[in-house]
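The structure appears below as structure tokens.
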Amino acid sequence: MSKKRGLSLEEKREQMLQIFYESQDFYLLKELEKMGPKKGVISQSVKDVVQSLVDDDLVLRDKIGTSVYFWSLPSCAGNQ
């Protein structure tokens, strides 16, 4: 009987980046927390994973009014 292990931090980062690259859209954190479990990232860790991507400049973040939007485009990744 093998135990099902969760994804490593690096695997979670790759899965979250896939969400951005596939859709090429802007997201609120709440939307990402709903989409994360579909890619195998539990919703409680989505915030930490996205923050680590922002810290590494792989995902961009901008506050517009009271909302904070996150995005990353494949063309931006190539430039960095």
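Worth pointing out:
- Of the residues V46, V54, V68, the one that moves most in a GNM of the chain with alpha-carbon contacts below 10 Å is V68.
- Rounded to the nearest 10 Å², the accessible area of L7 at probe 1.4 Å: 60
- Within the chain, longest stretch free of exposed trypsin sites (Lys or Arg not before Pro) [DSSP loop, at most 12 other beta carbons within 10 Å]: 6-80
- Once the Cα-Cα distance is subtracted from the 0.36 nm per residue extended length, the D57 to S8 segment shows a gain of 15.7 nm.
- Three principal axis lengths of the chain [C-alpha, angstrom, descending]: 49, 29, 21
- Relative contact order %, the chain, counting alpha carbon pairs below 8 Å whose residues are six or more apart: 34
- Accessible surface, the chain, averaged per residue in Å² (probe 1.4 Å): 71
- Here region 9-73 exposes an accessible surface that is 50 percent carbon and sulfur, computed with a 1.4 Å probe and the other protein chains kept in place.
- Dividing the summed -39500 (n - 2.57) terms of all DSSP H runs of n ≥ 4 by the residue count of the chain sets its mean residue ellipticity at 222 nm at -15000 deg cm²/dmol.
- Proximal charge balance of F26 [Cβ under 12 Å; K/R count +1, D/E count -1]: -2
- Amide H to amide H distances under 5 Å link V59 with V54, where only residues 5 or more positions off or on other chains count and H is placed in the peptide plane.
- Counting lysine pairs in region 1-54 whose alpha carbons fall under 18 angstrom apart, excluding pairs fewer than 8 residues apart on the same chain, gives 14.
- Couplings for region 31-46, taken from phi via the Karplus curve 6.51 cos²θ - 1.76 cosθ + 1.60 with θ = phi - 60°, read 5, 5, 5, 7, 7, x, x, 5, 9, x, 9, 5, 4, 5, 9, 4 Hz in order; Gly and Pro are left as x.
The values are calculated or read from the model by the stated rules, or taken from the named source; none is laboratory data. Owing to the predicted nature of the structure, the values given are computational and were not obtained by experimental measurement. For neighbour counting, all protein chains shown are included, and Cβ atoms are generated from backbone atoms with ideal geometry for every residue, glycine included. All accessible areas refer to the heavy atoms of the entire protein, side chains included, with ligands and DNA or RNA removed. Shrake-Rupley method; radii C 1.70, N 1.55, O 1.52, S 1.80 Å.
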